[in-house]
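K.L.:
Have a look at this one before I ask anything.
The values are calculated or read from the model by the stated rules, or taken from the named source; none is laboratory data. This is a predicted model, so every value here is computed, not measured. Every residue, glycine among them, receives a Cβ derived from its backbone with ideal geometry; neighbour counts consider all protein chains shown. To get the accessible areas, we keep the full protein, side chains included, count just its heavy atoms, and leave off ligands, DNA and RNA. Shrake-Rupley method; radii C 1.70, N 1.55, O 1.52, S 1.80 Å.
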Amino acid sequence: MHPNAVHADSAPGSASGRAAGSLYRLVSTRADAGGTEVFASSEHVASPWGPDLQHAGPVAGLLVRAMERTHPREGARIGRVTVDLLGAVPMSELHVRAWVERPGRRIELLAAEITAADRTGTLRPVARAHGWRLQTGDTADVQHLADPPLPVVSAGAQDLGHLPFPDAWQHGFVDALEWQVPPAADQLGTTTGAWMRLRMPLVEGEEPTDLERVSTIVDVANGLGARLDAADWMFLNTELTIHLFQPPAGEWVGLTAETSVGSDGVAMSSGVIHSAAGPIGRVTQNVLVERRPQ
């Protein structure tokens, strides 16, 4: 373990700030619909872009939860997840199903979909995901880490209030995370590092898997590495892609993030994902940039 690493069962800070409740509650499982699960959404999944919209992080967590439970196999794990947001995800019941899209002995492609009712009551797709599940083997003798570790934040740590986030963002899902942020993270546009963990379960009554935790949390890269002031700009990601070369471990997820903004309204957020023993993967997001009306 790197000397600056956080122990998987400890935290960069105390266990204070853990909140009651959950992001979702499982309402029913429909055996007549291929095992589709129906979830009630809590106020803790709200997006910073509007109280009637869900943050993409919890949505990604539900999709990954469904894929992990689809014909799980010993000696294999999901190494890449891509989530496409097909539209605004409402603060309402979500219907989730998953399947094996391309079976294989060593490599298989999983898929999952979330549908929600529109204003007419018709269910429509609002998010889809694909995940590559790969056979694992022993490669410890050739292990290589391309990124440096994210140091522990302890003495002098700051909480969410010291991040350059507008007050309107500090509710819903952003507030459902416990944050530990280096004191230097006070400038918009800098490469910002933070340790985060869920204050509550993804699904009521369940302990999230480590992959569920990572998939739920890392969508915050867009805000954490923001280069634009949210008071003047909107920057919404259309998708989320996670590559994990190392399996995640522990409650705390580290992220170092930054955003590159192009000249024509398109941007890219990217970040390095960390857990106890060091970096474990990367996340990228395609971003639409728009000026707020004056």
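K.L.:
Efficiency by 1/(1 + (r/R0)^6): what FRET value for Asp52 and Leu109, r their Cβ-Cβ distance, R0 = 30 Å, to the nearest 0.05? Write out the running numbers ahead of the final one.
P.N.:
Details: r = 33 Å, r/R0 = 1.11.
Efficiency computed from Cβ-Cβ geometry: 0.35.
K.L.:
Residues in the stretch 103-138 near a label at Arg30, defined as backbone nitrogen under 19 Å from the 7 Å Cα→Cβ point?
P.N.:
It comes to 111-129, nothing else.
K.L.:
With all protein chains present and a 1.4 Å probe, how do Asp138, Asp84 order by accessible area, largest first?
P.N.:
Working: Asp138 135, Asp84 70 Å².
In descending accessible area the options line up as Asp138, Asp84.
K.L.:
Per q in 0.18, 0.23 Å⁻¹, report the Debye log10 I(q)/I(0) for the stretch 29-117, using one uniform scatterer on each alpha carbon and no solvent.
P.N.:
With one equal scatterer per Cα and no solvent, log10 I(q)/I(0) is -0.82, -1.16.
K.L.:
Moving to a separate point now. Obtain the nm distance between the two label points defined at Asp84 and Thr241 by a simple spin-label model: each point lies 7 Å from its Cα along the Cα-to-C-beta direction.
P.N.:
Once both label points are built, they end up 1.3 nm from each other.
K.L.:
Computed FRET efficiency, Cβ-Cβ of Glu74 and Asp141, R0 35 Å: what is it to the nearest 0.05?
P.N.:
Working: r = 22 Å, r/R0 = 0.64.
E between Glu74 and Asp141, to the nearest 0.05, is 0.95.
K.L.:
Let me ask something else about it. Stretch Thr122-Ala249 to full length: gain in nm at 0.36 nm per residue minus the Cα-Cα span? Don't jump to the answer; show the numbers that get you there.
P.N.:
Details: separation 127, 0.36 × 127 = 45.72 nm, distance 3.92 nm.
Full-extension gain reported as 41.8 nm.
K.L.:
Continuing with the same structure: Quote the FRET efficiency, to the nearest 0.05, computed for Arg102 versus Ala40 with a Förster distance R0 of 30 Å and r equal to the Cβ-Cβ distance. Write out the running numbers ahead of the final one.
P.N.:
Values: r = 32 Å, r/R0 = 1.07.
Working from the Cβ atoms, E equals 0.40.
K.L.:
Answer rounded, prolate or oblate for the stretch 71-156, using the Cα gyration tensor with square roots of eigenvalues a ≥ b ≥ c: rounded when a/c is under 1.5, else prolate when a/b is larger than b/c, else oblate. Can you show the working numbers first?
P.N.:
Numbers: a/c = 3.45, a/b = 1.46, b/c = 2.37.
Here the stretch 71-156 falls in the oblate category.
K.L.:
Oh, and also: Report Thr36's accessible area, 1.4 Å probe, all protein chains in place, as a number in Å² to the nearest 10.
P.N.:
It works out to around 10 Å².
K.L.:
Right, here's the next one. Can you sort Ser28, Ser275 by 1.4 Å-probe accessible area, starting with the largest?
P.N.:
Sorted by accessible area, descending: Ser28, Ser275.
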